[in-house]
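The values are calculated or read from the model by the stated rules, or taken from the named source; none is laboratory data. These numbers were taken from a predicted model, which means no experiment stands behind them. With ideal geometry, Cβ positions are generated from the backbone for all residues, glycine too; neighbour counts draw on all protein chains shown. Side chains included, ligands, DNA and RNA excluded: accessible areas come from the protein's heavy atoms. Shrake-Rupley method; radii C 1.70, N 1.55, O 1.52, S 1.80 Å.
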Amino acid sequence: MARLTRRHFALLSATGAAAALAPRAIAQTTAPLIARAIPKTGEQLSAVGLGTAAVFDDDDAQTQAKAEAVIKALAANGGRLIDTASTYGDAESVIGATLADAGGRQNFFIATKLEAPDAAELRQSLARLRTQSVDLLQLHNVSDPRQSLRQFNQWKAQGLCRYVGITSTYHRDFGAVEAVLGREKPDFVQIDYSLDNREAEKRILPLAAEVKAGVLTALPFGRGRLFRAVRGKPVPDWAQNFAGSWAQFFLKFLLADPRVTAVIPGTADPAHMVDNLGAMRGAMPDSDQRRRMVQFVEAL
Ligand SMILES: NC(=O)c1ccc[n+]([C@@H]2O[C@H](COP(=O)([O-])OP(=O)(O)OC[C@H]3O[C@@H](n4cnc5c(N)ncnc54)[C@H](OP(=O)(O)O)[C@@H]3O)[C@@H](O)[C@H]2O)c1
């Protein structure tokens, strides 16, 4: 099967990805890209990435083709962050094969997750991703306040990753996340945050800012729940100056918070990837508009 080549990446901005855009979204691509500084280093990271939970689970031709199309769309529209995990089925292998064939590993910011500070698990992730090192190595689903990042920090010192982080989307574990975040001061925390799920605003975002941890927002659409809630409804008039689609409405709510470094919506659809990347361009909602967005969603 044909896989991504450098030429494919170069051609894409002029062809496939643009064709997938709605007219209003195309207008947004002329605006400058929004990138955020990673707090500990100042390195710029494009603010919309790709989540890969449950989309590239199988290492077969069909999944590989989907991954290639989505990653092409990501690269052609200014994105570079791909979030995956050792436990996301075959996603690491599928991503690794795609990037190896594209010769484009250095153009991407690869974040993966381990279940434990286990060298064998890390070796497996690096082998599947076909890389010597990842950009961000995260301890997945922190659940115990005593969990240590000592081994992750050693791996960082050895050059096996450039940043370390922790993740959780379980609110019962937010106490453990706060404890580990406050004590270990990782470079990143990945937490569930969406327009209809704002618990992280109270507990995690303020602490992340205090310890200078970048924030990746998992589940920015509530696993698609937000789209189901607005099905059949147009984006309201008062949001038209900043949101060309519902996806951009939901993502820009998150990106308008300066503590959020990047959002990582999951998708297996290149047109959705392009739509999501549109949230990196154009105006952001101000604080009054953000309040209105909350009221709007609460009234659905
Ligand atoms: N503990 C953790 O560390 C943890 C836990 C959960 C998730 N995560 C990370 O967070 C990422 C995001 O979470 P998620 O993928 O579960 O949920 P999500 O991003 O909240 O929602 C994904 C859903 O939205 C749909 N979608 C995406 N873009 C769309 C668009 N523009 N228009 C319409 N529908 C769209 C997708 O369908 P299509 O495929 O059809 O686009 C999919 O059904 C994960 O992929 C993973 O990387 C981390």
| Of everything in segment 79-97 that's free of Cβ contacts under 8 Å to residues at least 40 places away in the same chain and acidic (Asp, Glu), which residue is most open to solvent (accessible area, probe 1.4 Å)? | 90
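A quick yes/no check of all residues on (1) open to solvent by less than 10 Å² (accessible area, probe 1.4 Å); (2) part of a helix (DSSP H, G or I); (3) of a type outside the set (Phe, Trp, Tyr); (4) within 14 Å of the ligand (Cβ to nearest atom):
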{"position": "136", "(1), (2), (3), (4)": "yes, no, yes, yes"}
{"position": "152", "(1), (2), (3), (4)": "yes, yes, no, no"}
{"position": "166", "(1), (2), (3), (4)": "yes, no, yes, yes"}
{"position": "173", "(1), (2), (3), (4)": "no, yes, yes, yes"}
{"position": "177", "(1), (2), (3), (4)": "yes, yes, yes, yes"}
{"position": "209", "(1), (2), (3), (4)": "no, yes, yes, no"}
{"position": "216", "(1), (2), (3), (4)": "yes, no, yes, yes"}
| said: Name the single residue that is farthest from the chain's Cα centre (by Cα) among those in segment 138-150 being away from the ligand (no atom under 16 Å from the Cβ) and not in a helix (DSSP H, G or I). | reply: 146
| said: With among the basic types (Lys, Arg) and in contact with a Leu (Cβ under 8 Å, 6 or more places away or on another chain) as the only criterion, which of 223, 281 stands out? | reply: 281
| request: Determine which single condition residue 223 fails, assuming it passes every other condition in (1) of a type in the set (Lys, Arg); (2) in contact with a helix residue (DSSP H, G or I) (Cβ under 6 Å, 6 or more places away or on another chain); (3) within 14 Å of the ligand (Cβ to nearest atom). | output: (2)
| task | Identify all residues within segment 43-71 that are away from the ligand (no atom under 12 Å from the Cβ), open to solvent by 40 Å² or more (accessible area, probe 1.4 Å) and under 28 Å from residue 256 (Cβ atoms); write none if there are none. | result | 43, 44
| note | Among residues of segment 246-300 being part of a loop (DSSP other than H, G, I, E, B), of a type outside the set (Gly, Ala, Ser) and open to solvent by 40 Å² or more (accessible area, probe 1.4 Å), the residue farthest from the ligand (Cβ to nearest atom) is 286
| Number of positions in segment 204-214 that are of a type in the set (A, V, I, L, M, F, W, C) and in contact with a Pro (Cβ under 9 Å, 6 or more places away or on another chain) | 4
| query | Residues in segment 193-207 that are open to solvent by 50 Å² or more (accessible area, probe 1.4 Å), part of a helix (DSSP H, G or I) and not acidic (Asp, Glu): how many? | reply | 3
| Can you name the condition, by its number, that residue 243 falls short on among (1) open to solvent by less than 10 Å² (accessible area, probe 1.4 Å); (2) in a helix (DSSP H, G or I)? | (2)
| Residue satisfying condition, being touching a helix residue (DSSP H, G or I) at 6+ places or on another chain (Cβ under 6 Å), open to solvent by 10 Å² or more (accessible area, probe 1.4 Å) and modelled with pLDDT under 95, within set 35, 31, 76, 100 | 76
| note | Condition set crowded, with 22+ Cβ neighbours inside 10 Å and not in a helix (DSSP H, G or I), scope segment 179-192, selection farthest from the ligand (Cβ to nearest atom): answer is 187
| Residues of segment 98-122 satisfying the condition of being in contact (Cβ under 8 Å) with a residue 40 or more places away in the chain and within 14 Å of the ligand (Cβ to nearest atom) | 109, 111, 113
| remark: Of the residues in segment 218-240 that are assigned to a helix (DSSP H, G or I) and not basic (Lys, Arg), the one that is most open to solvent (accessible area, probe 1.4 Å) is 237
